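Where a number appears in this text, it was derived from the coordinates with a stated rule and is not lab data. Since this is a predicted model, take the numbers as computed values, not measurements. Heads up, the Cβs are rebuilt from the backbone with ideal geometry, glycines too, and the neighbour counts pull from every protein chain shown.
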Amino acid sequence: MRKKVFYVYNPNTLSYERVYPSFRKRMATVFRHLLSGIILGGILFSVLNYFVDSPREKMLKRENQQMRSQYKLLSRRLDEALDVMADVRERDANLYRVILQADPISAAVWNAGTDNVSRYQDLMNLSDADLVVATTQKVEQLNRQLYVQTNSINELVKLGQQNEDRINCLPAIQPVSNKDLKRTASGYGLRIDPIYKTRKFHEGMDFAADIGTPVYVTGNGTVVETGWKQGYGKTIVINHGYGYKTRYAHLSHISVRNGQKVIRGEEIGLVGNTGKSTGPHLHYEVIYKGKHDNPINYYFFDLSPADYDRMIQIAENQGRVMD
C-alpha cells in the first residue's frame, strides 16, 4: 500500500506544493490509530469473553452442574430418610411409649436447633444457596432425630427390662398364623352386619381360616372363660393382667380349661364356624380396662412397619365381616 501524499495549492506560484506534516501531527496520527485499535480490540475481547466460555470456564460449569444434581439427589434421599424417621417416631409415641406408659417426646426436643437459619449465613453467598441451605438443614434435622431416637430406644429398653413381665403378658402377636396377611378378613369399627345388613360396631378382627386351623394365645395369661357364648359360639377368654383380656370366638375346639396358665404362642383351640358366623373364621378381641380396643394396635411382635401398613389397609375392608 502506497503512502498517502498531500498537496496544497499556492496562488503565488500558481502551482500545487507538497505538504510535509510535522512530527507532532505524525505522532498524533499514530497515537489515534493505536488508541482506536486498542479500543476496538477491548470491545472484541469483551464480546468474545461474554459469549464464548474458556475451557476452564466450561469445566467449572460442568462441575457446578454435577454438584447441583448431586445436591438434588441427596435432598430427595434425605426426604425419604426423614419420612422413615417420621414413621419410627409415630410408633415410638403411639405404640411403644403407650405400652410402657412413658411420656411422649415433645416436638421441641425432636427439632431443637434445626430451625435456626442464622447458622447458615456462611452458605448464603454460594451459588444455589437455597438448595445448599435446605439440604444442610435436612442433614442436621435427620442427625438430630437419630440422636433423639437413639436415646429414646435406650430409655425404652430400660423400661422394658423393668416391665419384662408386663411385656410378656401383653397381647402382641396375631392369634393365627398369618405371615402373608391373606387371612385378614375384617377390622375393628363400624361395619355392615353380614346377617342383618345393618351398620354395627365390630369390636374385634376376623381372620378367615379353614376349620381346624390352630389358634394361639397372644400373650401370657390365665384362662378365665371357656365354653359356649351366645353369638360367639365356642369361646375362650384370657386374662393377661395389667388390665388386658383377649377373646377368641367361633371355635370348633377348645384345648384349655378355666384357671389354666398359658404362654404367648401356645395353641389354645381350633378355628371353627360356631355361633353367629357366616363362614369358618376366628373372631378376636382385645379388651383393656373393660373397653374394647383395636387389635391391630397389638401386633408389634409379629409385623414389620410395611406389613403393619398393609394390614391396616386390608382391615379397612368393610365387605368381609363374618359374624
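Based on the Cβ-Cβ distance from Asn111 to Lys72, what FRET efficiency comes out when R0 is 25 Å, to the nearest 0.05? The value I calculate is 0.60. When peptides 92-101, 238-247 are ranked by their average number of other Cβ atoms within 10 Å per residue, the highest-first order is 238-247, 92-101. Annotation: extensible slack from Gln101 through Ala28 equals 16.6 nm (criterion: 0.36 nm per residue apart, minus Cα-Cα distance). Put simply, the amide H of Lys276, placed in the peptide plane, has neighbours under 5 Å in Gly231, Tyr232, Gly233, leaving out anything fewer than 5 places away on its chain.
In the structure shown, the pairs Lys179/Lys289; Lys72/Lys138; Lys138/Lys179; Lys182/Lys289; Lys158/Lys182 are assessed against 24 Å; a Cα-Cα span above that value is assigned to Lys179/Lys289; Lys138/Lys179; Lys182/Lys289; Lys158/Lys182. Across segment 235-249, computed HN-Hα scalar couplings (Karplus, 6.51 cos²θ - 1.76 cosθ + 1.60, θ = phi - 60°) run 9, 10, 10, 10, 9, 8, x, 6, x, 9, 9, 10, 10, 10, 10 Hz from first to last residue, x flagging Gly and Pro.
Summarising the amide proton neighbourhood of Thr213: residues at separation of 5 or more, or on other chains, whose placed amide H is nearer than 5 Å comprise Val271. Couplings 3J(HN,Hα) of segment 271-276, computed from phi: 4, x, 9, 8, x, 7 Hz, in residue order, whole Hz [Karplus 6.51 cos²θ - 1.76 cosθ + 1.60, θ = phi - 60°; x for Gly and Pro].
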